[in-house]
Amino acid sequence: MLKDELKGLIISQGFTMSQVNDELNRRHGTNLSFQNFSNRFRKESFSYNEVAEILDIIGYKIEWKKNTN
């Protein structure tokens with residue numbers, strides 16, 4: 001599941017879920033609660049752009065590659 005892979009990456013890069021939520025709030029000038037973030041994470045209701053931004057926070061990016069088969 002996407003949430004398990006994403007959470008694993010967040011933790012492996014030394015971040016907490018709370019830190020990621022705080023950084024998203026800082027970047028957007030919002031004050032969304034951790035509970036809101038956690039619920040959206042659990043339901044996997046993030047947009048593509050939101051996932052890309054979370055990955056950017058932890059030092060990753062989405063890369064599209066054409067199959068060579």
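Structure notes:
- Value of [θ]222 nm, deg cm²/dmol, for the chain, DSSP H segments ≥ 4, -39500 (n - 2.57) each, nearest 500: -18500 deg cm²/dmol
- Pair MET17, LYS43: separation of 7 Å Cα→Cβ label points (nm): 1.5 nm
- Packing rank of 35-48, 16-29, where each peptide gets the mean count of other beta carbons within 10 Å, highest leading: 16-29, 35-48
- Available extension along the chain between ARG26 and MET1 is 6.3 nm, counting 0.36 nm per residue and deducting the alpha carbon span.
- Net dipole in debye of segment 1-49 [+1 Lys, Arg Cβ; -1 Asp, Glu Cβ; about Cα centre; nearest 20]: 120 debye
- Per-residue HN-Hα couplings for segment 49-54 [Karplus 6.51, -1.76, 1.60; θ = phi - 60°; Hz; x = Gly/Pro]: 5, 5, 5, 4, 6, 4
Values quoted throughout were computed directly from the atomic coordinates according to the rules given, and no laboratory measurement underlies them. If you're wondering where the values come from, they're calculated on a predicted model, not measured in any experiment. Here Cβ is always computed from backbone atoms with ideal geometry, including for glycine, and neighbour counts include all displayed protein chains.
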